[in-house]
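First comes the structure, then the notes that go with it.
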Amino acid sequence: MSTLAELIAAAPDGTIDAPTVIDGNGETFVDEETVLIAGRHHLTVANLGLEANTDGTDAFAWTDKRNWPRNRSHFCVTDTSSHITFDTVAVRGPNVNGGRSPEASVSRCEAQHAFQIGQDSDHITLRNCEASYIYGDCAYMRATNVTIDDFHGHHNGRQGIALNNCADVLIRNVNLYEIRRSMFDLEPTSTTGSIRRVTIEDCVMSHARLTGVACAGRAGDVGDITFRRCSWEYPGAAVKFLTPDSTRRGPIMFEDCTFAIGGSDGAAFTFDHIDDLTFRRVTATAAAPNREPTGVRLFDCHNARVGQLDFTGFAADVVVLREAA
């Protein structure tokens with residue numbers, strides 16, 4: 001019987017009007033190695049499961065052997081691939097402790113993502129897909145023209161969805177829960193990295209060990225980021241845009257969003273060095289009001305429009321530590 005990697009390798013590229021479809025007919029393929037989609041175009045992988053039962057130590061190291069098995073992802077799209085679609089694909093990894101517990105995080109395997117999309121890839125779609133019990137991120141994206149629609153990610157060892165050097169991204173109808181670190185991570189990987197034109201809407205997230213949205217990393221460019229009609233239940237903290245000094249980011253928008261925050265001694269929403277922040281019609285409840293958390297903390301933010309808030313359990317709704325110059 002052919003492996004999934006062999007089926008993909010044997011299939012020809014399609015065209016924009018007639019993509020090649022590899023239909024698994026509901027079958028689950030068991031593979032301890034990375035299923036590599038390298039230099040492929042107009043290809044759809046559909047209706048199948050991919051399962052790994054070991055941490056990949058004995059699998060073929062297709063990438064840097066010094067970091068193996070850390071870099072054993074399950075699907076990896078790379079080498080200027082374009083118009084690649086995953087449709088109704090479920091990835092299940094071997095992380096039986098996946099979730100918020102300390103045991104979920106295994107550093108030697110932390111880059112084993114369910115869907116790893118390389119920076120040189122373009123027009124990537126994940127539709128009706130699932131990622132569970134993996135050591136790494138549910139989806140790790142370094143690509144342009146990305147659509148993630150109707151995606152379920154849960155019980156992992158790192159981030160929910162990580163965007164590193166991306167542009168023109170639409171994420172909608174996503175359900176993330178039992179996430180070890182942050183639910184959404186926007187993190188440029190270099191000072192020249194960029195995350196631009198990202199829309200995240202109609203998503204439901206619950207129970208992450210760290211934040212609902214994290215944006216830190218190197219001093220790269222981040223802006224045109226919109227969260228709309230999303231809800232988060234019990235992240236450790238809500239939103240942290242910790243922009244490095246001497247760097248400015250924006251525009252950033254949160255609109256019609258809801259948060260139930262598990263507990264935080266600091267601010268639930270932190271925005272540093274942001275230009276053009278819109279934060280309106282946001283509902284937030286602090287589960288531990290006795291810790292007197294702050295709601296929105298603004299530090300050196302220019303043109304911040306913060307209003308129409310419905311906050312419960314916070315010592316102060318908005319605190320401005322330093323006005324923008």
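If you check Ala59 against the conditions, is it open to solvent by less than 70 Å² (accessible area, probe 1.4 Å), of a type in the set (A, V, I, L, M) and free of Cβ contacts under 8 Å to residues at least 40 places away in the same chain?
For Ala59, the condition - open to solvent by less than 70 Å² (accessible area, probe 1.4 Å), of a type in the set (A, V, I, L, M) and free of Cβ contacts under 8 Å to residues at least 40 places away in the same chain - is met.
Considering (1) modelled with pLDDT of 95 or more; (2) open to solvent by 20 Å² or more (accessible area, probe 1.4 Å), say which one Asn290 fails and leave the rest.
Looking at each condition in turn, Asn290 falls short on (1).
For segment 9-53, name all the residues that are more than 30 Å from Val96 (Cα to Cα), more than 24 Å from the chain's Cα centre (by Cα) and among the aliphatic types (A, V, I, L, M).
Of everything in segment 9-53, those that are more than 30 Å from Val96 (Cα to Cα), more than 24 Å from the chain's Cα centre (by Cα) and among the aliphatic types (A, V, I, L, M) turn out to be Ala9, Ala10, Ala11, Ile16, Ala18, Val21.
Given the structure, is Ile274 without any contact (Cβ under 8 Å) to a residue 40 or more places away in the chain and in contact with a Gly (Cβ under 6 Å, 6 or more places away or on another chain)?
So Ile274 fits the description; yes.
If I filter segment 251-266 down to residues being touching a Phe, Trp or Tyr at 6+ places or on another chain (Cβ under 9 Å) and under 20 Å from Gly217 (Cα atoms), which single residue comes out as surrounded by the fewest Cβ atoms within 10 Å (Cβ to Cβ)?
Checking each candidate, the answer is Met253.
Exactly one of (1) open to solvent by 70 Å² or more (accessible area, probe 1.4 Å); (2) of a type in the set (A, V, I, L, M); (3) assigned to a loop (DSSP other than H, G, I, E, B) is unmet by Ala9. Its number?
Answer for Ala9: the failing condition is (3).
So Ser206 passes all but one of these: (1) surrounded by fewer than 23 Cβ atoms within 10 Å (Cβ to Cβ); (2) touching a helix residue (DSSP H, G or I) at 6+ places or on another chain (Cβ under 9 Å). Which condition number does it fail?
(2)
Quick one: would you say Val296 is touching a Leu at 6+ places or on another chain (Cβ under 7 Å) and more than 26 Å from Ala167 (Cα to Cα)?
no
The rows are residues; the columns are (1) part of a strand (DSSP E or B); (2) free of Cβ contacts under 8 Å to residues at least 40 places away in the same chain.
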{"site": "Asn173", "(1), (2)": "yes, yes"}
{"site": "Glu178", "(1), (2)": "yes, no"}
{"site": "Ser182", "(1), (2)": "no, no"}
{"site": "Ile200", "(1), (2)": "yes, yes"}
{"site": "His207", "(1), (2)": "yes, no"}
{"site": "Val213", "(1), (2)": "yes, yes"}
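So which of Thr258, Thr285 ends up being farther than 28 Å from Val169 by Cβ and part of a strand (DSSP E or B)?
The match here is Thr285.
Of all residues in segment 229-250, which are in a strand (DSSP E or B) and surrounded by 16 or more Cβ atoms within 10 Å (Cβ to Cβ)?
Of everything in segment 229-250, those that are in a strand (DSSP E or B) and surrounded by 16 or more Cβ atoms within 10 Å (Cβ to Cβ) turn out to be Ser231, Trp232, Glu233, Ala237, Ala238, Val239, Lys240, Phe241, Arg249.
If I ask for residues that are open to solvent by 20 Å² or more (accessible area, probe 1.4 Å) and either among the aliphatic types (A, V, I, L, M) or without any contact (Cβ under 8 Å) to a residue 60 or more places away in the chain (or both), which ones from segment 102-112 would you list?
Pro102, Glu103, Val106, Ser107, Arg108, Glu110
The values are calculated or read from the model by the stated rules, or taken from the named source; none is laboratory data. What you are looking at is a predicted structure, and each value in this text was computed from that prediction instead of being measured. Backbone-built Cβ (ideal geometry, glycine too); neighbour counts: all protein chains shown. Calculation scope for accessible area: heavy atoms of the full protein, side chains included, ligands and nucleic acids excluded. Shrake-Rupley method; radii C 1.70, N 1.55, O 1.52, S 1.80 Å.
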